[in-house]
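J.: Structure in structure tokens, see below.
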Amino acid sequence: MEALKQRILRDGRAVNEQILIVDSFLNHQVDVELMRLVGEAFAERFAQAKPNRIVTIEASGIAPAVMTAQCLRLPMVILKKSASRVLSDDIVQTEVFSFTKNAPYQLTLKRQFIENGDRVLLIDDFLANGEAALGACRLIEQAGATVAGIGAVICKAFQPGLQKLRDQGYDVDALAKIRKMSEGTIEFDEA
Ligand code: G4P
């Protein structure tokens, strides 16, 4: 997505070879007009997968997911990162390890918000190691639904997430795939 890549080049900042700061338009301040274009791009890319529900992970996935859901006119569900204190049959939970934060957390979903047989399009802001996306897929499948596709706004293609998810058979794509970066330079993968 050209507008997104240009924005990353203009306002993104690679602090080192691993971490890209995009807080002026994606995950702190949000450029709503850019998110509308992001939603349209995801809708176009995944319409043929025929999703009937959009799922995201709190917090930074919410903006792109809302726009995708609006564009496809679908309901949207947010997976929570806190453990539920009321463990019951109504809840599915899975542990996810965040390499960035070096800590595990419990991804949580109330079953009532995903139905058996749903086709879910998972949308998130970053795809890095893929642990959050894999955890989300586990929950979606435990709830009896199918993962129809996975869309990340930005994928750091030099980290293992994209390949891990593809190896498990998921249809994964990103609107900007970063091949390589270092302080002050960002290179996209055009494939
Ligand atoms: P993974 O999910 O792909 O395995 O990655 P990891 O655990 O390492 O990433 C966890 C968090 O770090 C996620 O946000 C993810 O969006 C964010 N992240 C990963 N790489 C980058 C990066 O290069 N730049 C920025 N800005 N964030 C990155 P989170 O903890 O879930 O935060 P939030 O969604 O609540 O904001």
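The values are calculated or read from the model by the stated rules, or taken from the named source; none is laboratory data. Here the structure is a predicted model, which is why all the values come from computation and not from measurement. Because the Cβ atoms are built from the backbone with ideal geometry, glycine has one as well, and the counts that use them run over all protein chains shown. Only protein heavy atoms, including side chains, enter the accessible area calculation; ligands, DNA and RNA are left aside. Shrake-Rupley method; radii C 1.70, N 1.55, O 1.52, S 1.80 Å.
J.: For the structure I just gave you, tell me whether F126 is at pLDDT 95 or above and surrounded by 21 or more Cβ atoms within 10 Å (Cβ to Cβ).
T.: yes
J.: When you look at S88, is it modelled with pLDDT under 95 and under 22 Å from R166 (Cα atoms), yes or no?
T.: Working: modelled with pLDDT under 95: yes; under 22 Å from R166 (Cα atoms): no.
When the stated conditions are applied, S88 does not pass them.
Table: residues versus (1) surrounded by 15 or more Cβ atoms within 10 Å (Cβ to Cβ); (2) within 15 Å of A145 (Cβ to Cβ); (3) more than 12 Å from the ligand (Cβ to nearest atom).
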position: A47; (1), (2), (3): no, no, yes
position: K50; (1), (2), (3): no, yes, yes
position: T56; (1), (2), (3): yes, yes, no
position: V66; (1), (2), (3): yes, no, yes
position: M76; (1), (2), (3): yes, yes, yes
position: S82; (1), (2), (3): no, no, no
position: Y105; (1), (2), (3): yes, no, no
position: E115; (1), (2), (3): no, yes, yes
position: V120; (1), (2), (3): yes, yes, yes
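J.: Just checking, how many residues over region 22-45 are among the small types (G, A, S) and within 13 Å of the ligand (Cβ to nearest atom)?
T.: Residues meeting the conditions: 1.
J.: Could you identify the single residue in A191, A157 that is open to solvent by 30 Å² or more (accessible area, probe 1.4 Å) and at pLDDT below 95? If you could, list the steps in order and put the result at the bottom.
T.: Details: A157 fails: at pLDDT below 95.
So the residue among A191, A157 that is open to solvent by 30 Å² or more (accessible area, probe 1.4 Å) and at pLDDT below 95 is A191.
J.: Same structure, new question: Within region 128-162, how many residues turn out to be more than 18 Å from R45 (Cβ to Cβ), outside any helix (DSSP H, G or I) and either basic (K, R) or touching a Ser or Thr at 6+ places or on another chain (Cβ under 9 Å) (or both)?
T.: Counting residues in region 128-162 that are more than 18 Å from R45 (Cβ to Cβ), outside any helix (DSSP H, G or I) and either basic (K, R) or touching a Ser or Thr at 6+ places or on another chain (Cβ under 9 Å) (or both) gives 3.
J.: Select from region 156-191 the residues that are closer than 22 Å to C137 by Cα and of a type in the set (G, A, S) and write down the one among them that is nearest to the ligand (Cβ to nearest atom). Steps first, answer last, please.
T.: Residues of region 156-191 that are closer than 22 Å to C137 by Cα, as a first pass: 156-177.
From the residues that got through so far, the ones that are of a type in the set (G, A, S) too are 157, 161, 169, 174, 176.
Working: A157: 12, G161: 5, G169: 18, A174: 11, A176: 12 Å.
Filtering first and then ranking leaves G161.
J.: Another question, then. Please tell me if I8 is over 17 Å from A69 (Cβ atoms) and crowded, with 21+ Cβ neighbours inside 10 Å.
T.: Yes, satisfied.
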